Amino acid sequence: MRCPFCGHEDSQVKDSRPTEDGVAIRRRRQCEGCAARFTTFERIQLRDLFVLKSESRREPFDRDKLLRSISIAARKRPVEAIRLEKLVSGIQRQLETTGESEVSSKRIGEMVMDGLKVLDSVAYIRFASVYRDFSEARDFEAFAGTVEEVAKG
């Protein structure tokens, strides 16, 4: 593993343990060149996934991009970061176990909305406003009305 501080090619693992959600291994490393310490995370990847965008573009699945978009929707909401991590890990695992190497962005968006609906209704509406491209205040109003019905039912 290349040192992020000095670029030296060799480092020594000082400590390894699973992350709290159990989907990755956290490794504490020490550079053999400058003795700086840094942390790396190792995740299991079952297969390479590609996302089919609405403009017929195809791009590699980016877990961090998905986490960022969900985190933006949940910003300043009482949702713990570990719950967002678990949501992303669950979505990624579902996608990897389907046996398909390509998945539509629409399908991923629906999976995110299903997960956010359970976690936080405001984050759910925020994500939906971008995902469903709300353009007017009445779009929010109509969608928020459906969220209240779900919460009551």
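Looking at this structure, is Ser105 hydroxyl-bearing (Ser, Thr, Tyr) and surrounded by 12 or more Cβ atoms within 10 Å (Cβ to Cβ)?
Answer is yes for this residue.
Table: residues versus (1) of a type in the set (Gly, Ala, Ser); (2) assigned to a loop (DSSP other than H, G, I, E, B).
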residue	(1), (2)
Ile72	no, no
Arg77	no, yes
Ile82	no, no
Ile91	no, no
Gly99	yes, yes
Val103	no, no
Arg107	no, no
Asp114	no, no
Val118	no, no
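Hey, among the residues in the stretch 45-90 that are loosely packed, with under 12 Cβ neighbours inside 10 Å and among the small types (Gly, Ala, Ser), which one's nearest to Val118 (Cα to Cα)?
Ala81
Hey, does the stretch 41-50 have a residue that's over 23 Å from Asp133 (Cβ atoms) and in contact with a Leu (Cβ under 7 Å, 6 or more places away or on another chain)?
There is at least one residue in the stretch 41-50 that is over 23 Å from Asp133 (Cβ atoms) and in contact with a Leu (Cβ under 7 Å, 6 or more places away or on another chain).
Could you list, ordered by first residue, the pairs with Cβ atoms under 6 Å in which the first is in the stretch 109-130 and under 15 Å from Lys86 (Cβ atoms) and in contact (Cβ under 8 Å) with a residue 60 or more places away in the chain and the second is aliphatic (A, V, I, L, M) and not in a helix (DSSP H, G or I), at least 6 apart or interchain?
If the second residue must be aliphatic (A, V, I, L, M) and not in a helix (DSSP H, G or I), no pairs are left.
If you take the residues of the stretch 1-23 that are assigned to a strand (DSSP E or B) and among the charged types (D, E, K, R), which of them is farthest from the chain's Cα centre (by Cα)?
Per the stated criteria, the residue is Lys14.
Laboratory data are not the source of any read-out in this text; all were calculated from the coordinates shown. Quantities reported herein were computed from a predicted structural model and do not represent experimental measurements. Cβ sites come from the backbone with ideal geometry, for glycine too, and all protein chains shown count toward neighbours.
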